[in-house]
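In what follows, a single structure is set out as structure tokens and then discussed.
The values are calculated or read from the model by the stated rules, or taken from the named source; none is laboratory data. Keep in mind that this is a model prediction, so the values were computed, not measured. Here the Cβ is made from the backbone with ideal geometry for all residues, glycine too, and neighbour counts use every protein chain on show. Each accessible area value is taken on the protein alone, full model and side chains, heavy atoms only, with ligands, DNA and RNA left out. Shrake-Rupley method; radii C 1.70, N 1.55, O 1.52, S 1.80 Å.
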Amino acid sequence: MNIANLLIKSARAFPEHIALARGEAPHLNYRNLLRKVSVMATHLRQRLKLLPGDRVALAMTNGVEAIESMYAIWHAGLVAVPMNAKLHPRELAFILQNSGARVCIVTPDLVESISTIKGECPALERIVDTTTRDYIFMAVGDPVAIADAAPTDPAWLFYTSGTTGRPKGATLTHRNLLAMSLNYYADVDRPEPGGSILHVAPISHGSGLWNFPLLGRGAVQVFPDSGRYEVPETVALLRRWPDATVFLAPTMVKRLIDHPAAADIRPGEIRTISYGGAPMYVSDLKKSLELLGNVMTQLYGQGESPMTITHLSRAEHANRDHPKWEQRLASAGLPDSCVEVRVVDEDGRPMPTGDVGEIIVRGETVMSGYWQNPEATAKSLRDGWLWTGDVGCFDEDGFLTLKDRSKDMIISGGSNIYPREIEDVLNTHPAVAECSVVGRPHPEWGEETVAFIVLREGKSATQAELDALCLDNIARYKRPKDYKFIAALPKNNYGKILKTELRKLV
Ligand code: AMP
């Protein structure tokens, strides 16, 4: 059950379809991508002498080479370790050491970083720069047949984004990735052959996972020339390539809808904007639907159960006449087909409908454990259930609402306060561009809420105005006791707001 079979199937079903593109320019069709991948696999096995199960890391900014390399790695029966290109060299060194990668394939911008830390990574034998002969010659020679892989063999070590602490390598097996892809067709979308996917989020993370279901449908995977997320370029590419799907973190969706270029997108021009990875505010979601039409789908997942815990479908987004439409937009939707989802108390007992507890998940997409980290594995995987660290509640219709990470919850005077609820209110103020709410220690109440506010350019809002807005919308005890106006919120390399940094500021 090697996940690289997806490519073989698509190469048979859609040999002439363009498989990869650099910006507007086609790069390889499916037949030739399979050929290239299977020749590269020969090199990995025979020239670099890698053995089944060996790890190959990728330190790459988004580009066609990332897809070529990943499928070559799987085709050869090896394990891919994609690393976010924006990580600090210290973090890259940690991942290389922890994974024990023997080879690291690198885009030229990262060669210096990886070369500097090579000495600290005893297992790392070789760095392959994608612009040198080392890489180019990998495509010359004879193809090799796809390696056998057991469903439980690791395929992808997915290093979590680590908004706290050190990253952990969620071990995703071939079966996990296949189940995740089939779940996409079951619950989210089954794209028509001939569509496209635009990779503007890191390929080492969200966008990389999205590659599978789209590759399985013969879509072209498009990489922007800039290698980054730039709104005008994104809009142009979404319009250039038909029936486009794109994964965007919520902060990226916000940048899109706040940019004048978004108005160029015509109704029906793009297929799907999948968002997830962090909370999306209802105000932003409504604006997206107004501007872009019925293209939004939400996924709630984590590296440990990739893309799959719950989803909010396109149909639910469009269901404006439903009495619970807004409530559902604020939710993460219904559990996915391939998993069971529960909300439980500390002992794992299911909570009554409406009560808040930790979200746990069991099913075909749940990782086999954290790589080389039995303590963390034992904490997260208990009796076959993955404890997500997220808290939330089900409503009577089975929709899951995420409250916050358990550690982000504020406890004030014995009451639980979920920052997201307050952020949702503050975000409705026209002058607020972004905000984030955290707890600050308080001698009497335990904690009190503090709001960090980023104002839109040229706009202003007073503390009194924001306070009045909160008083109009939420319980008095929840409203921030202090407002701090700052130029930008601290974010990690995936665009997630770092509440840990904000807590240090208070
Ligand atoms: P990562 O493993 O880095 O992808 O981070 C996963 C975490 O992101 C989850 O545990 C959630 O806390 C958060 N997350 C993922 N999807 C959503 C979503 N749709 N809404 C809110 N938070 C999300």
### Query
Quick one: putting +1 on the C-beta of Lys and Arg, -1 on the C-beta of Asp and Glu, what dipole do you get for region 166-218 around its Cα centre, in Debye to the nearest 20?
300
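If you roll a 1.4 Å probe over the chain with all protein chains in place, what percent of the accessible area is carbon or sulfur?
Working: 10380 of 20280 Å².
Roughly 51 percent of what the probe reaches on the chain is carbon or sulfur.
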### Query
Around ASN373, what is the net charge, scoring Lys/Arg as +1 and Asp/Glu as -1 over all other residues with Cβ under 10 Å from its Cβ?
+2
### Per-peptide average of other Cβ atoms within 10 Å, ordering 432-439, 397-404 highest first
432-439, 397-404
#### Entry: For region 5-390, accessible area per residue (1.4 Å probe, heavy atoms of protein chains only), Å²
38
### Task
Take each of the peptides 51-57, 86-92, average the number of other beta-carbon atoms within 10 Å over its residues, and list them starting from the highest.
51-57, 86-92
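How large is the helix-only mean residue ellipticity at 222 nm for the chain, computed as the sum of -39500 (n - 2.57) over DSSP H runs with n ≥ 4, divided by its residue count, in deg cm²/dmol to the nearest 500?
Working: 17 runs with 151 residues, N = 506.
Only helices count here, giving -8500 deg cm²/dmol.
Compute, for region 5-390, the length of the dipole vector about the Cα centre, with Cβ point charges of +1 (Lys, Arg) and -1 (Asp, Glu) only. Units Debye, rounded to 20.
Numbers: 39 positive and 42 negative charges, 145 e Å.
Roughly 700 debye for region 5-390.
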### Message
To check you understand DSSP bridge types, tell me what percent of the beta bridges within region 191-340 (both residues inside) are antiparallel, rounded to 5.
### Response
30
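Nothing charged except the Cβ atoms of Lys and Arg (+1) and of Asp and Glu (-1): what's the magnitude of the dipole of region 364-469 about its Cα centre? Round to the nearest 20 debye.
360
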### Message
Rounded to whole Å, give me the distance from the Cα center of region 269-286 to that of region 73-117.
### Response
31
### Message
Could you compute how much accessible surface HIS322 exposes when probed at 1.4 Å, giving the result in Å² to the nearest 10?
### Response
60
### Message
Which of rounded, prolate or oblate describes region 410-505 when judged by the alpha-carbon gyration tensor and an a/c cut-off of 1.5?
### Response
oblate
### Query
When the Cα centres of region 471-506 and region 357-402 are compared, how far apart do they sit, in Å?
26
## Note on the structure
At the level of C-alpha centres, the distance separating region 6-50 and region 449-466, in angstrom, is 50
### Between helix 89-99 and the chain: long-axis angle, C-alpha atoms, 0 to 90°, nearest 10
60
### Query
Long-range amide H contacts for ASN62: which residues qualify at under 5 Å (H placed 1.01 Å from N, peptide plane, sequence gap of 5 or more or a different chain)?
ILE203
### Query
Which peptide among 462-475, 326-339 comes first, and what is the full order, when sorted by highest mean count of other Cβ atoms within 10 Å?
326-339, 462-475
### Summary
Given Cβ charges of +1 for Lys and Arg and -1 for Asp and Glu, the option among GLN221, ALA101, HIS27 whose Cα lies farthest towards the positive end of the dipole of region 5-390 is HIS27
### Query
Considering only DSSP beta bridges whose two residues both sit in the chain, what percent are antiparallel, to the nearest 5?
55
### Summary
When the charge dipole of region 5-390 is computed with +1 on Lys and Arg Cβ and -1 on Asp and Glu Cβ about the Cα centre, the Cα farthest towards its positive end, among ALA123, PRO191, GLN46, belongs to GLN46
### Query
Got a sec? Charge dipole of the chain, +1 on Cβ for Lys and Arg, -1 for Asp and Glu; which of SER368, TRP156, LEU334 is way out at the positive end?
TRP156
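Can you bin the chain into rounded, prolate or oblate? Criterion: square roots of the alpha carbon gyration tensor eigenvalues sorted a ≥ b ≥ c, rounded for a/c under 1.5, prolate for a/b above b/c, oblate for the rest.
Details: a/c = 1.71, a/b = 1.52, b/c = 1.12.
Prolate shape, in that a/c is at least 1.5 and a/b is the bigger ratio.
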